[in-house]
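Undergrad: Below is a structure I'd like to ask you about.
The values are calculated or read from the model by the stated rules, or taken from the named source; none is laboratory data. None of the values given here were measured: they were computed from a predicted structure. Note that each Cβ is placed from the backbone with ideal geometry, even for glycine, and that neighbours are counted across all protein chains shown. Keep in mind that these areas ignore ligands, DNA and RNA; they rest on the heavy atoms of the full protein, side chains included. Shrake-Rupley method; radii C 1.70, N 1.55, O 1.52, S 1.80 Å.
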Amino acid sequence: MNFPSSVIYIIPILAVWSGFAFVWFTKPNHTDNIKLLLAFSGAFLLSLTFFELLPDVYEGHDPKKIALYILGGILLQVFLEFFSKGAEHGHMHVHLEENKFPTLLFLSLCIHALVEGVPIHENDSILYAIIIHKIPIAIILSIFLINSTLKFSTTLLFIGLFSLMTPLGSYFSTTPLLTDYGYLLTSISIGVFFHISTIILFESAQGHAFNLRKLVVIILGIGIAYLV
Ligand SMILES: [Zn+2]
Ligand SMILES: [Zn+2]
C-alpha cells in the first residue's frame, strides 16, 4: 500500500497529539496497560526493522559501509540518552527545574524524532511502527510534563514542536540534497530503532520475572509485523 504524502506528514503529528489528549482527558494513574502497549511497540518496531528496513539498505550496497552507519545510529541514540535519560523509550528520569524549559530533553527528543522520520516515505509499514511507538511515548511524556511545574503553555509548545519533528525528518529525506544518501540515513535510523526497541523489550521484563501478558504482546508484535 502507498500512502499519499499528506498522510505521511499528518499521521505522526496526530499520534503525538492523541497521546497527549488521552492523558489530558483521562488522567491515567496506573501505567500497566501503557507498559504493555510499549512492549508491543518495541517488538513491532524491531520486527519491521528486520523484515523491511535491513534487507532494503543492504541491497546493492557495500555491507561494511551500511554496518558502520547502523552502528553509528546506535551510538547516536546512546549519546542522545545522556540528555533525554531514556524518554524516547518511555523512561522519565529527568529532573525539571521550576518553570524552566527542559532544553536538553527537548533537543535530544527532537533529534531522535527527526531521524525516525527518515525511512517513512520509502517504506509504508514503518509508518505503522512509528505510530505505535509514538503513542505510548507521547503518553508517558505527557504524564510527565502535565504533572511537572511547567506552565501549561510551555507543555503545549513542547508537545507541539516535538510532534513536528518526525514529519520534518521525512520531508528532509526527500529533498534533492539528501535523496542520494537516503540508504545511509535509513541505516542510521535502523541503528536508532535497534537501540530503542531492544531497550524497551529489555526494560519491559521487570526483574526478568515471567510475565505471560508481556510475552503474548511481544509475540503479537512480531506476528503482526510479519503480516503487514
Ligand atoms: Zn530506560
Ligand atoms: Zn522514537
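Undergrad: When the stretch 168-182 is examined, which residues are found to be open to solvent by 50 Å² or more (accessible area, probe 1.4 Å) and within 19 Å of the chain's Cα centre (by Cα)?
TA: Passing the criteria: 168, 171, 172.
Undergrad: Does any residue in the stretch 85-103 that is without any contact (Cβ under 8 Å) to a residue 60 or more places away in the chain come within less than 7 Å, Cβ to Cβ, of a residue that is more than 16 Å from ligand 2 (Cβ to nearest atom) and open to solvent by 100 Å² or more (accessible area, probe 1.4 Å) six or more places away or on a different chain, and which pairs are these?
TA: Close Cβ pairs satisfying both conditions: 85/93; 99/151.
Undergrad: Would you check if residue 117 is of a type outside the set (A, V, I, L, M, F, W, C), over 29 Å from residue 23 (Cα atoms) and in contact with a Gly (Cβ under 9 Å, 6 or more places away or on another chain)?
TA: The answer is no for residue 117.
Undergrad: Could you pull out every one of the helices (runs of 4 or more DSSP H) wholly within the stretch 140-228 that has 1 or more residues that are within 21 Å of residue 16 (Cβ to Cβ) and touching a helix residue (DSSP H, G or I) at 6+ places or on another chain (Cβ under 6 Å)?
TA: Hits in the stretch 140-228: 152-174, 182-204, 212-227.
Undergrad: Run down 212, 185, 161, 168 and say which single residue is farther than 16 Å from residue 119 by Cα, in contact (Cβ under 8 Å) with a residue 40 or more places away in the chain and away from ligand 2 (no atom under 13 Å from the Cβ).
TA: 161
Undergrad: Inspect all residues belonging to the stretch 55-73 and state whether any of them is crowded, with 16+ Cβ neighbours inside 10 Å, closer than 23 Å to residue 162 by Cβ and away from ligand 1 (no atom under 16 Å from the Cβ).
TA: Checked against the condition, which is being crowded, with 16+ Cβ neighbours inside 10 Å, closer than 23 Å to residue 162 by Cβ and away from ligand 1 (no atom under 16 Å from the Cβ), the stretch 55-73 yields at least one hit.
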